[in-house]
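Let me begin by presenting the structure, written as structure tokens, before commenting on it.
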Amino acid sequence: MEVVPPRVHALSRALPAPEVSVRLVRIEPGGTVVELGSGGAAISAPADVPGAYRAEVRIRPRHLGPYLGTLTGPGYAEREYPWVYSNPIYVTGP
């Protein structure tokens, strides 16, 4: 499995860059969550163990700061938010 961080479409170079991070997890049949990798770059991991695999993408939308007006005081553009949760990919066995 590979998770590649998405980019903001047509982002102006005049705006601050958003911070995007990805996480790949496996939920085992008993419910235990195992993190297979995380960070700001692409993640690869084999899907060789039974369970439900899922990718998560989070964003710190710094590029929206100039558009938030008075909302920038509390730091809305500096907080991290969920951006994408993939559907699960189920692996049942070899």
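Given points 7 Å out from each Cα along the Cα-Cβ axis, report the VAL91 to ALA42 separation in nanometres with one decimal.
1.8 nm
Relative contact order, percent, of the chain when contacts are C-alpha pairs under 8 Å separated by at least 6 residues?
30 percent
So how do 21-33, 38-50 stack up, highest first, on mean other-Cβ count within 10 Å?
21-33, 38-50
Have a look at VAL25, ASN87, VAL4 and report the one farthest towards the positive end of the charge dipole of the chain, computed about the Cα centre with Cβ charges (Lys/Arg +1, Asp/Glu -1).
Going by the Cα projections, it comes out as VAL4.
Counting only heavy atoms of protein chains, what accessible area per residue, in Å², does the chain have with a probe of 1.4 Å? Kindly include the intermediate steps, with their values, before the conclusion.
On the way: 6170 Å² over 94 residues.
Dividing the accessible area of the chain by its residue count gives 66 Å².
Quick check: at a probe of 1.4 Å, how many percent of the accessible area of the chain sits on carbon and sulfur atoms? Numbers along the way, then the final one.
Values: 3420 of 6170 Å².
Answer for the chain is 55 percent, counting heavy atoms of protein chains only.
Residue by residue, what Karplus-based ³J(HN,Hα) values in Hz, rounded to whole numbers, does region 80-93 have, using 6.51, -1.76 and 1.60 with θ = phi - 60° and x for Gly and Pro?
So the J values, rounded to whole Hz, are 9, 10, x, 10, 9, 10, 6, 5, x, 10, 8, 10, 9, x.
Using modelled amide H (1.01 Å from N, peptide plane; none on Pro or chain starts), what sits under 5 Å from the amide H of LEU36, excluding residues fewer than 5 places away?
HN-HN under 5 Å from LEU36: LEU24, VAL25, ARG26.
Under 1.5 on a/c is rounded, so check that first for the chain, then, if it is not, pick prolate when a/b is larger than b/c and oblate when it is not; a ≥ b ≥ c are the square roots of the alpha carbon gyration tensor eigenvalues.
Values: a/c = 3.73, a/b = 2.42, b/c = 1.54.
Prolate, since a/c reaches 1.5 and a/b exceeds b/c.
Which net charge results when you count Lys and Arg as +1 and Asp and Glu as -1 among the other residues whose beta-carbon is under 12 Å from that of VAL34?
Working: positive: ARG23, ARG26, ARG54; negative: GLU28, GLU35.
Every neighbour counted, the sum reads +1.
Hey, in the GNM for the chain with a 10 angstrom Cα cutoff, which one of ARG54, ARG13, ARG62 fluctuates hardest?
Judging by the Gaussian network model, the answer is ARG13.
What is the dipole size for region 7-94, taken about its Cα centre, with +1 at each Lys and Arg Cβ and -1 at each Asp and Glu Cβ, in debye to the nearest 20?
Around 320 debye, computed over region 7-94.
Within region 25-49, which residues have the backbone N less than 20 Å from the label spot 7 Å out from VAL4 along Cα→beta-carbon, could you tell me?
Residues 25, 37-47 fall inside that zone.
Around ARG58, what is the net charge, scoring Lys/Arg as +1 and Asp/Glu as -1 over all other residues with Cβ under 12 Å from its Cβ?
Its environment carries a net charge of 0.
The values are calculated or read from the model by the stated rules, or taken from the named source; none is laboratory data. Nothing here was measured: the structure is a model prediction, and the numbers come from that model. Methodologically, a virtual Cβ is constructed for each residue, glycine included, from the backbone with ideal geometry; neighbour enumeration extends over all protein chains shown. Just the protein is used for accessible areas: all its heavy atoms, side chains included, with ligands, DNA and RNA removed. Shrake-Rupley method; radii C 1.70, N 1.55, O 1.52, S 1.80 Å.
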